[in-house]
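The values are calculated or read from the model by the stated rules, or taken from the named source; none is laboratory data. Please read all numbers here as calculations on a predicted model, not as lab measurements. No Cβ is skipped: glycine too gets one built from the backbone with ideal geometry, and neighbour counts run over all protein chains shown.
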Amino acid sequence: MTFQAFIASNARWLLAGLLLTFCSSFGQTFFIGFYSAELRGALSLSHGDFGLVYMIATLASAISLVFIGKSVDIWSVRRMAAITASGLSIACLFMANAASVPVLLLTIYLLRLLGQGMMSHIAVTAMGRWYSRERGRAIAVCTLGHQLGDGLLPLVLVGLSSWVSWQKQWYIFATVLLLVALPLLMTLLQKDRTPRAAADTKSSDMPSWPFAQVLRDWAFYLICLAVLTPSFIGTSVLFQQVHLREVKEWSAETLASAFVCLALANMFVGMLSGIAVDRFSATRGLPFYLLPLSAACFVLSYFDAPVIAFLFMTLLGISYGISNIVFGAIWAESYGTENLGAIRSIATASMVLGSALSPGVSGVLIDNGVQLDQQLRYMGLFCLMLLVVLLGVSQALSRRRLAVGC
């Protein structure tokens with residue numbers, strides 16, 4: 001089946017996945033980080049204080065996700081989407097009224113759990129379960145929502161900021177989720193999808209592992225570390241975007257425009273990665289997202305010209321384009337689909353954990369005179385070391401797959 005025919009025959013479910021990942025933007029770091037100056041000013045918080053609040057809330061959401069994420073193995077995608085979209089709308093209302101640190105803590109917890117966590121988790125788990133032979137392409141289309149959010153919403157936020165107050169903007173977001181996104185999701189997901197053709201149920205996947213056995217597998221935790229790494233690094237930069245603009249002397253419009261490069265690179269490379277994963281497997285592509293990620297760290301660390309914002313975002317987008325597809329498909333390939341929701345809940349929690357640790361760590365370091373430039377050099381070196389480790393993991397997983405005839 002050609003890519004165009006695949007999209008045409010699966011448009012309902014692919015659009016639902018895309019909409020879910022797009023709506024995850026309301027809980028993503030780039031989105032919340034845009035309001036960091038306003039929130040810090042309103043509550044008299046330093047960079048480190050706000051980073052600590054963000055870290056605690058996100059850590060709590062990561063822990064919660066391990067338990068809540070299993071529900072996608074039990075309830076339908078439609079029901080999970082309805083609950084999550086409704087809850088995310090309420091979280092946006094809380095943000096519009098965040099007049100104290102406890103309320104801000106609760107609000108960020110809900111935005112991170114329901115937005116970054118559950119919206120993405122539901123979408124990618126559904127693609128992993130619904131598709132086998134064409135899983136890579138399904139995940140590539142589904143995760144276009146992330147790229148659309150990355151590319152369009154920063155410019156939308158800049159425009160809204162010149163029109164209404166930041167509190168009223170969150171009322172708008174709550175309304176869009178409740179009156180636009182939720183009805184669309186309910187319409188698209190009226191009919192659940194199950195693999196229907198023999199080609200669909202062919203499998204390159206491992207026989208399903210019991211969940212307890214997955215938790216005893218050494219490779220599982222190294223893959224989770226691989227998931228955590230781009231989240232930690234990307235969040236460090238995106239959360240501290242206001243500080244970054246000040247240090248680099250970039251305008252808000254420059255950085256917002258650079259997000260378009262992030263989205264386009266992510267989209268283009270993601271599509272290519274989806275085709276490659278369907279042809280060669282996610283296992284073989286595991287280590288290679290780290291090359292552009294390390295390059296992005298070094299580029300942003302050593303250079304200050306405004307054009308560097310666009311180069312950094314392009315390299316980050318290439319890394320995300322590869323990692324989003326690989327990490328979307330590798331769990332079913334390596335451990336089967338029977339317990340996919342529970343397995344991915346830990347993987348998604350690892351990603352959320354990375355995004356939880358980095359604001360607190362980077363904020364405290366900035367408060368103590370360690371600038372983001374210096375932090376990025378160590379992140380780049382870590383990427384290169386992890387690349388060597390993941391080459392070994394990739395080879396071990398490939399041997400397992402050959403042993404069972406995958």
Tell me which helices (runs of 4 or more DSSP H) are completely within the stretch 11-92 and hold 1 or more residues being touching an Asp or Glu at 6+ places or on another chain (Cβ under 6 Å), or say none if there are none. 47-68
By residue number, the members of the stretch 245-284 that are surrounded by 18 or more Cβ atoms within 10 Å (Cβ to Cβ), free of Cβ contacts under 8 Å to residues at least 60 places away in the same chain and closer than 30 Å to Arg401 by Cα are Val269
Among the candidates Val370, Val388, Val326, Val364, residue that is crowded, with 21+ Cβ neighbours inside 10 Å and at negative phi: Val326
From the residues in the stretch 312-323 that are within 13 Å of Ile233 (Cα to Cα), surrounded by 24 or more Cβ atoms within 10 Å (Cβ to Cβ) and aliphatic (A, V, I, L, M), which one is farthest from the chain's Cα centre (by Cα)? Met313
Tell me, which residue of the stretch 152-178 that is closer than 16 Å to Leu19 by Cα and surrounded by 21 or more Cβ atoms within 10 Å (Cβ to Cβ) is modelled with the lowest pLDDT? Leu153
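Within the stretch 69-77, can one find any residue that is modelled with pLDDT of 95 or more and either surrounded by fewer than 24 Cβ atoms within 10 Å (Cβ to Cβ) or under 19 Å from Met351 (Cα atoms) (or both)? Let's see the steps before the verdict.
Quick first cut of the stretch 69-77, residues modelled with pLDDT of 95 or more only: none.
No, that holds for no residue.
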Report the residue count in the stretch 214-243 for those that are over 21 Å from the mean Cα position of the chain (by Cα) and at pLDDT 85 or above. 6
Could you give every pair whose Cβ atoms fall below 7 Å, whose first residue belongs to the stretch 392-403 and is more than 13 Å from Ala219 (Cα to Cα), and whose second residue is surrounded by 13 or more Cβ atoms within 10 Å (Cβ to Cβ) and among the hydrophobic types (A, V, I, L, M, F, W, C), counting only separations of at least 6 or pairs across chains? Arg401/Met206
Of (1) modelled with pLDDT of 95 or more; (2) surrounded by fewer than 17 Cβ atoms within 10 Å (Cβ to Cβ), Ser89 satisfies every one except (2)
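Answer with yes or no whether Ser319 is among the polar types (S, T, N, Q) and closer than 14 Å to Gln240 by Cα. Working first, answer last.
Numbers: among the polar types (S, T, N, Q): yes; closer than 14 Å to Gln240 by Cα: no.
No; evaluated as a whole, the condition is false for this residue.
Of the residues Ser120, Ser44, Ser100, which single one is surrounded by fewer than 24 Cβ atoms within 10 Å (Cβ to Cβ), touching a residue at least 12 places away in the same chain (Cβ under 8 Å) and of a type in the set (S, T, N, Q)?
Numbers: Ser120 fails: surrounded by fewer than 24 Cβ atoms within 10 Å (Cβ to Cβ); Ser44 fails: touching a residue at least 12 places away in the same chain (Cβ under 8 Å).
None of the others qualify; the one that does is Ser100.
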Check Leu14 against each of (1) farther than 19 Å from Leu238 by Cβ; (2) surrounded by fewer than 24 Cβ atoms within 10 Å (Cβ to Cβ) and name the one condition it does not meet. (2)
Among what's in the stretch 26-41 and is crowded, with 23+ Cβ neighbours inside 10 Å and of a type in the set (S, T, N, Q), pick the residue that is farthest from Ala174 (Cα to Cα). Thr29
Does Arg284 satisfy the condition of being among the charged types (D, E, K, R), part of a helix (DSSP H, G or I) and within 16 Å of the chain's Cα centre (by Cα)? no
